[in-house]
Amino acid sequence: MSEAAIRVAVTGVAGRMGRQLALALGSDRDFELVLAVDRSNADESLRDLCGPAVANLVITSKLGAGLDDARPDVLVDLTHHAAATSNAISALQRKVPVVIGTSGISKDDLRTIELATEEHATPALLAPNFAIGAVLMMQFAEAAAKWLPDAEIIEMHHEQKVDAPSGTARSTAERIAAARGEFRPRRVQEVIKTEGVRGGEVDSVHVHSVRLPGLVAHQAVMFGGIGETLTIRHDSMDRASFMEGIKLCIRGVRSLKGFVVGMEHVMGSL
Ligand code: NAD
């Protein structure tokens, strides 16, 4: 392992994203996975779970003690919205910068994380989507909303996803709403015959959440204008699509200040 390798801790390492990240870090000399945390598979060998290419670590369920022992440079959280805030705070209290990939964190909890970044003078980066193409999709959608403000979002994910709408959909809706300003879609008086059929609303943007086996993470943003539509679509076909983005965030988070939302903040000029 090279001297300059960034020492990384991962919470949720036994999950789908966590295992993939352990493999991605194991094959990149720029990074060293030094702490593997999960409440499931605790005390098991990470190699038994992921194969011989990953760091030779035993999974622990004790984040605080693990951080004190391993002294990582960065924590990556890929757990559950009920756990992500306390995980982030454990790291921030120890002045360990945090990359949060976990979705579904409430606004109140996000504020709590933001306050902890200020109190401990340590940065945190929340990335609603680690795929480079998804960041571009959100930027293109924001640009399109200035000209075609009538928009709806269809997000599609695997059937195991617990939160809806996705963090990416929420973020896209908020950006569209900000870009289109005072505009509100003009609707006829709708007769809703099945509850929820028009989806939910985030900042007055309709969002439709599809959950099906076979999907990974996909989103289409549809814009309607006079006699035209525009659809901007991104597809993550495999969780591998998130790994380069996570590495970008690990590299970049330490130079940030406070609490930052969006991977574009570590992507340089786009
Ligand atoms: P998963 O359910 O497969 O894995 C989550 C893991 O977290 C599990 O192993 C679980 O045991 C563990 N966990 C839960 N609570 C914990 C706690 N308190 N302490 C330690 N470990 C705990 O889920 P996944 O598909 O790997 O996704 C993880 C999170 O990442 C989800 O919130 C998902 O929505 C999000 N995600 C984000 C992106 C992105 O680009 N930002 C992409 C994919 C998934």
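The values are calculated or read from the model by the stated rules, or taken from the named source; none is laboratory data. What you see is a predicted model, and the numbers here were worked out from it, not measured in a lab. Cβ sites come from the backbone with ideal geometry, for glycine too, and all protein chains shown count toward neighbours.
For this structure, a couple of remarks:
Matching residues to (1) surrounded by fewer than 19 Cβ atoms within 10 Å (Cβ to Cβ); (2) away from the ligand (no atom under 11 Å from the Cβ); (3) of a type outside the set (D, E, K, R):
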residue: Pro128; (1), (2), (3): no, no, yes
residue: Lys146; (1), (2), (3): yes, yes, no
residue: Lys161; (1), (2), (3): yes, no, no
residue: Gly167; (1), (2), (3): no, no, yes
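- Residue within segment 180-192 that is crowded, with 19+ Cβ neighbours inside 10 Å and either more than 15 Å from the ligand (Cβ to nearest atom) or not polar (S, T, N, Q) (or both) present: yes
- If only residues of segment 1-35 that are more than 10 Å from the ligand (Cβ to nearest atom) and small (Gly, Ala, Ser) are counted, the one that is modelled with the lowest pLDDT is Ser2.
- Search result, residues across segment 113-124 that are buried (at least 16 other Cβ atoms within 10 Å of the Cβ) and either in contact with a Leu (Cβ under 6 Å, 6 or more places away or on another chain) or assigned to a helix (DSSP H, G or I) (or both): Ile113, Glu114, Ala116, Thr117, His120, Thr122, Pro123
- Answer from Ala141, Ala151, Ala164 - the residue that is part of a helix (DSSP H, G or I) and among the small types (Gly, Ala, Ser): Ala141
- Total residues in segment 65-79, condition under 19 Å from Cys249 (Cβ atoms) and either within 13 Å of the ligand (Cβ to nearest atom) or under 19 Å from the mean Cα position of the chain (by Cα) (or both): 7
- The lone exception for Asn87 - which of (1) in a strand (DSSP E or B); (2) within 13 Å of the ligand (Cβ to nearest atom); (3) not small (Gly, Ala, Ser) it fails: (1)
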